[in-house]
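Worksheet for the structure shown next.
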Amino acid sequence: MAGQLSIWQMRTRVICRPVIENKKLHKRSPSRICPVTHTLQLFMHDLPKPHTPQIHVASYADDITITCTHQNADTAAQLLQPYLNTLHNWCTTKQTNLAPAKSTVTLMTNWTAEHGHIPQLTINNIPLTHTHTPKILGVTYDTSMSFKQHTTNIKNKLTPRLNALRSLSNTTFGHDKETTTTVYKQYIRSVMEYASPAWAPNLTATHHNTLQTVQNRALKIITGCTQTTPTDHIHQETKVLKVKDHLDMRGTQLLAAASTNQHHPLHYMTDHPHTPRNIKTTPCTRYHREILSRLPPPPTPDQLPEAYSYPNHSPIHPVTQRQHPAACAAP
């Protein structure tokens, strides 16, 4: 995912997601082990490198995503086609087949006039299927990078889970507020915050409200409040941050960890180059430049108040040393 974070600063990008399959491994592998995983573990180490800097290959386990960035969508497709041919030849030498029927291609652009454009890409002379909403590692992207479909999918997934939360908070035999709040954080909010630093910076107020509505319903179930209860009250009672504040906190913590550790996989985002026009908000722009840059520097040990420094710390209630019984005896 780290290689796909820079997608929001580009005007046009063509994404191809080829699927590798091997019929021989499929026949021999046990039913519980994915043959694609075995194939990638054996062959991915010498995957062909792109011939142009506009092409990037990102892979995780059995998920492969090939991206090509250019100002023109047709030019991006022309640059990507030779690499697909090279990838097909590489798979042929490895006795592995590409599955064009399972592979997809997506055009991501900020120009609404190009949303209907379909890049023409083929694998072994078979056209690839076009989709407007590819799903990469559990995150649903879309052509305009608004993540509208992703927030809708989250809402549809979490709505049935509210019924389970309602059963736990029954008025006669339900659990207490603290327990149900913990269940909400682990069972419902964890789905909402999955990979949030990658897509939350681009959410509009409308899409944030979609997720906030789900949280409001959950907190009202936990507290037993009515539908007309103000949202600020239920958040104060359950001590839960609002959705936007929580997602910003997670993204800021991630960028803060990346900026302080040079070996962090996302350390490059702290010095991400500026673009002429920031049409889309990147995690670096949102969390590092807008939030972290406004925070004051951490205090030095000399600036800490006396209550936080313990050079000669002694217990508040020191235990008196017991005297030896012989010393307590009468002369």
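The table that follows gives values for the structure above.
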read-out	value
Residue 130 long-range amide H proximity, modeled H, under 5 Å	105
Debye intensity ratio I(q)/I(0), log10, segment 180-246, q values 0.12 Å⁻¹ (C-alpha model)	-0.30
Viscosity 1.306 mPa s, temperature 10 °C, Stokes-Einstein D of segment 48-102 from Kirkwood C-alpha radius, µm²/s	131
Per residue convex hull volume, Cα atoms of segment 155-280, in Å³	126
Mean Cα-pair separation over length for segment 176-256, i.e. relative contact order, pairs under 8 Å, 6 or more apart, %	41
Accessible-area value, residue 178, 1.4 Å probe, nucleic acids and ligands omitted, Å²	110
Accessible-area order (highest first, 1.4 angstrom probe) of the listed residues 46, 248	46, 248
For segment 175-193 and segment 207-229, distance of Cα centres in Å	13
Long-range amide H partners of residue 147 with built H, under 5 Å	142
Farthest toward positive dipole pole in segment 63-199 [+1 Lys/Arg, -1 Asp/Glu at C-beta], among 104, 82, 121	104
Convex hull per residue volume in Å³, alpha carbons only, for segment 96-178	156
For peptides 78-87, 115-124, sequence by mean Cβ density within 10 Å, most packed first	78-87, 115-124
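The values are calculated or read from the model by the stated rules, or taken from the named source; none is laboratory data. Every value quoted in this text rests on a predicted model; they were computed, and no experiment measured them. Backbone-built Cβ (ideal geometry, glycine too); neighbour counts: all protein chains shown. For accessibility, only protein heavy atoms count, side chains too; no ligands or nucleic acids. Shrake-Rupley method; radii C 1.70, N 1.55, O 1.52, S 1.80 Å.
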